[in-house]
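Heads up, the thing below is written out as structure tokens.
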Amino acid sequence: MSHVYPAGPPVVKIGALRIDPALALAPMAGFTGHPFRTLARQYGCGLVFTEMIHARALLHGGEYVFF
């Protein structure tokens, strides 16, 4: 589905940061590695970032910890 914006696609500004287009990729554990983020950016995602790490994983040598 294609949208036509009279003034161009929406842009988000946070301080000096400009996210263009205003589309962000939410982090997904185990799926948002560098190759995935690169593809997402190439296909038009304005903001991509890595998954977050849990502090408990740092205590256990970086292994995934399930509660």
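Read-outs throughout are calculated quantities, based only on the coordinates presented, and are distinct from any laboratory measurement. What you see is a predicted model; the values in this text were computed from it and never measured. As a convention, Cβ positions derive from the backbone with ideal geometry for all residues, glycine included, and neighbour counts pool all protein chains shown.
A Förster radius of 22 Å combined with the Cβ-Cβ distance from residue 49 to residue 4 puts the calculated FRET efficiency at roughly 0.15. The C-alpha radius of gyration of the range 12-59, expressed as a fraction of 2.2 N^0.38 Å, stands at 1.33. Full extension of the segment from residue 13 to residue 59, taken as 0.36 nm per residue of separation minus the current Cα-Cα distance, would add 12.9 nm.
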